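To keep things clear, I will list the structure first and then write my remarks on it.
The values are calculated or read from the model by the stated rules, or taken from the named source; none is laboratory data. The model shown is predicted, which means the values in this text are computed figures rather than measured ones. Here the Cβ positions follow ideal geometry from the backbone for every residue, glycine too, while neighbour counts run over all protein chains shown.
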Amino acid sequence: MRIKYDIQTHLDDPQTTLLHREIILSKPFLKRIYLDWYSVFKKEGPSLPEGKMLEIGSGGGFIKEVLPTVFTSDIMPLGICDYTFSAEKMPFRDEELSAIFMINVFHHIPKPYLFLTEAQRTLKKGGKIIMIEPANSWLGRLIYKNFHHEPFDEKGGWEIQSTGPLSGSNQALPYIYFERDYKKFQADFPDLSVKTITYHTPLMYVLSGGVSRKALVPNPLYGFFKIIEKFLSPLSRQTGLFQTIIIEKTT
């Protein structure tokens, strides 16, 4: 199955997000990738303070199958999430949240500094933002700049044009905020501290076909390619297509 993104409004149609969810659930290889990513969130659970755990941009995923107590949200009214709101203005009290989970969401937020302001306000001390995003590796730049419909501009600024929930993006935004301009991030958000940035997944997502192409390998080979990725881990800074970023509210 392949989805053609001929016009921006198609990407921003809520039905597209729901279709993505159906595709992820119907492709065993791709679903297992998401299960691995959700396990990263679950692993952080014991280190979190008491409070609400929130996922932003939940519409295309299935996090409640792994973490049933997580509150789900999306910017679009989808009918399957607990909340509908923009990440730039969240409907929570000060220090109400223990965690904010995100998969491929940060690089779609038009003004990510507004989200970080809200995260700094709503997280409890010791609470965490845990996001999985495109990585600025050598292989990542090659793939994203030449074979992906979303832009990747590592020289871009702190905002992107707000064309729509999914059509507006810069996949390099996580790199810009948390690596290239880290000193500015520290100065602007003194209560937030980047704890770890881990590059990973050089092969698996491409082999899965993502949400727009057929899988290149059958599901039974998932474990085999996981082993190969493990052997490639020393080269992840050059080959990882994704990165896991963990940010903690320290005060």
**Item:** Where a residue in region 101-116 is under 11 Å from SER162 (Cβ atoms) and its partner, wherever it lies, is outside any loop (DSSP other than H, G, I, E, B) and β-branched (Val, Ile, Thr), with Cβ under 9 Å and at least six apart
**Value:** ILE109/ILE56
**Message:** Here is a check on your reading of the model: is TYR222 out of contact with any Pro (no Cβ under 7 Å at 6 or more places or on another chain) and closer than 30 Å to ALA119 by Cα?
**Reply:** no
**Request:** Look through PHE152, PHE147 and report the one residue that is of a type outside the set (Ser, Thr, Tyr) and modelled with pLDDT under 95.
**Result:** PHE147
**Lone qualifier among TYR199, TYR144 - being buried (at least 17 other Cβ atoms within 10 Å of the Cβ) and farther than 27 Å from GLN120 by Cβ** = TYR144
**Prompt:** Among the residues of region 163-177, which ones are of a type in the set (A, V, I, L, M) and part of a loop (DSSP other than H, G, I, E, B)?
**Reply:** LEU166, ALA172
**Request:** Of all residues in region 192-236, count the ones that are out of contact with any Ser or Thr (no Cβ under 6 Å at 6 or more places or on another chain), of a type in the set (A, V, I, L, M) and under 9 Å from PHE29 (Cα atoms).
**Result:** 4
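Is region 212-225 home to any residue that is in contact with a Leu (Cβ under 8 Å, 6 or more places away or on another chain) and in a helix (DSSP H, G or I)?
yes
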**Message:** So the check is Cβ under 7 Å with 6+ separation or different chains; which pairs have a first residue in region 237-251 that's touching a residue at least 40 places away in the same chain (Cβ under 8 Å) and assigned to a helix (DSSP H, G or I) and a second one that's of a type outside the set (Ser, Thr, Tyr) and surrounded by 21 or more Cβ atoms within 10 Å (Cβ to Cβ)?
**Reply:** THR239/PRO202
**Message:** Can you say whether ILE160 is in contact (Cβ under 8 Å) with a residue 12 or more places away in the chain, part of a loop (DSSP other than H, G, I, E, B) and among the hydrophobic types (A, V, I, L, M, F, W, C), as far as the supplied structure shows?
**Reply:** yes
**So LYS111, is it among the basic types (Lys, Arg), at pLDDT 95 or above and surrounded by 22 or more Cβ atoms within 10 Å (Cβ to Cβ)** = no
**Candidates GLY79, GLY61 - the one that is at pLDDT 95 or above and either in a loop (DSSP other than H, G, I, E, B) or surrounded by fewer than 16 Cβ atoms within 10 Å (Cβ to Cβ) (or both)** = GLY61
